[in-house]
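The values are calculated or read from the model by the stated rules, or taken from the named source; none is laboratory data. As the structure is a computational prediction, the values presented were derived from the model and not from experiment. All Cβ positions, glycine included, derive from the backbone under ideal geometry; neighbour counts span all protein chains shown. The accessibility values were calculated without ligands, DNA or RNA, using every heavy atom of the protein model including side chains. Shrake-Rupley method; radii C 1.70, N 1.55, O 1.52, S 1.80 Å.
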Amino acid sequence: MALRIGTSGWSYPSGKGTWNGVFYPATRSKRDGTKDFDELRFYAEHFDTVEVNSTFYGQPRAEVTRAWADRTPPGFEFSVKLYQKFTHPKMFTEALLRQGFGGQAAESRDPLLDVVTQVTPSDVDDFRAGIDPLASAGKLGALLAQFPPSFKDSPQTRDYLASLLRAFSDYPIAVELRHRSWSDAIADTLAMLNGFGAAWVQIDEPKFRFSIRQNYLPNVTSFYYMRLHGRNVGQWWHHEKSEDRYNYLYSAKELQEFSDVAGAAKELVKKSYLYTNNHFSAKSGVNAVMLKAQLGEPIEGEYPPQMIENYPELREALVQAPRATGPLRGTRPTSLLPVRSRDE
């Protein structure tokens, strides 16, 4: 009954919400004098899972995922988001148009554009080949099929979702649906997902008029999948930069609801995944640690003094953690109480 808690993504090198100078060193100097600083290795010292978002923007490549597997310890798991062509056809089409494919004006668009945007068996094969090194290394968590709010329940969308689940049926797959039409027809939606052994992703995000209704409970016993996007209502729909919508830090009180649910869910399923996606300035990492502390999970790795100084909530979580694998050597200010190791 494994419980894994991590963040959505590990590399945020630019923008106001960069992780550099917060979770990672401010500069890219060599960490130990022998090799360049490796963000993924450092991340894996703190968490045992991560949700990969980069595969949404391009098909995964085997040489890249093989390197991920090599740079992480045994038991580490990657949950991988499906390529946008599978779930966001409009976004995929817009990306092609920005690249100059198919013409800009509707009357001048290349007829091949509609053909290129159709999902084919070759697309599925390419994705499977790209993640095979993770699967072969025993480091593949779940596949995440995240659909946009515009993906509404209809006979056509149900048929498409069923075909997608069938195409990836030999992997654990989690489905994120956002439009209320799916929960309005909850019996039918559950029947489909349960029939494929797919987890219905439980989400927390700013609500809109037709937001999906969820009770956060698992729908299958094989695994559970929860994503916390933050509650930045003011910038969720209207923002200058896309990173702004994820500029939100959950309070301990707000997180308690999810840790209570996750604690109960892990008794019902074989494995649970909790990912924090409020990544602005490493706030997702802070909330992931807070969730670990609330759930009595071990907190590992060293946290930079700057991060602890920026987030008193992190300091409190580290102090309260009932189990940790070791002290925070050289990482805490003198006011931070020592954390007991697992062996003490």
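Structure data summary
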| read-out | value |
| --- | --- |
| Solvent-accessible heavy-atom area per residue, rounded to whole Å², over segment 218-298 at 1.4 Å | 38 Å² |
| Cα coordinate range in segment 200-248, projected on the principal axes (Å, largest first) | 41, 21, 12 |
| Tensor-based shape of segment 245-315 (alpha-carbon gyration tensor, a/c under 1.5 rounded, otherwise prolate or oblate) | prolate |
| Label-point gap, in nm, between residue 270 and residue 136 - each point 7 angstrom along Cα→Cβ | 2.3 nm |
| Reachable lysines from residue 292, criterion Cα separation under 27 angstrom, eight or more residues apart if same chain | 16, 81, 139, 207, 253, 266, 270, 271, 283 |
| Prolate/oblate/rounded call for segment 160-297, Cα gyration tensor, a/c under 1.5 rounded | oblate |
| Theoretical FRET efficiency, 1/(1+(r/R0)^6), r = Cβ-Cβ of residue 129 and residue 194, R0 22 Å, to 0.05 | 0.15 |
| Dipole magnitude (debye, nearest 20) for segment 137-213, charges at Cβ of Lys, Arg, Asp, Glu | 160 debye |
| Local electrostatic count at residue 233 - Lys and Arg +1, Asp and Glu -1, tallied over other residues with Cβ under 15 Å | 0 |
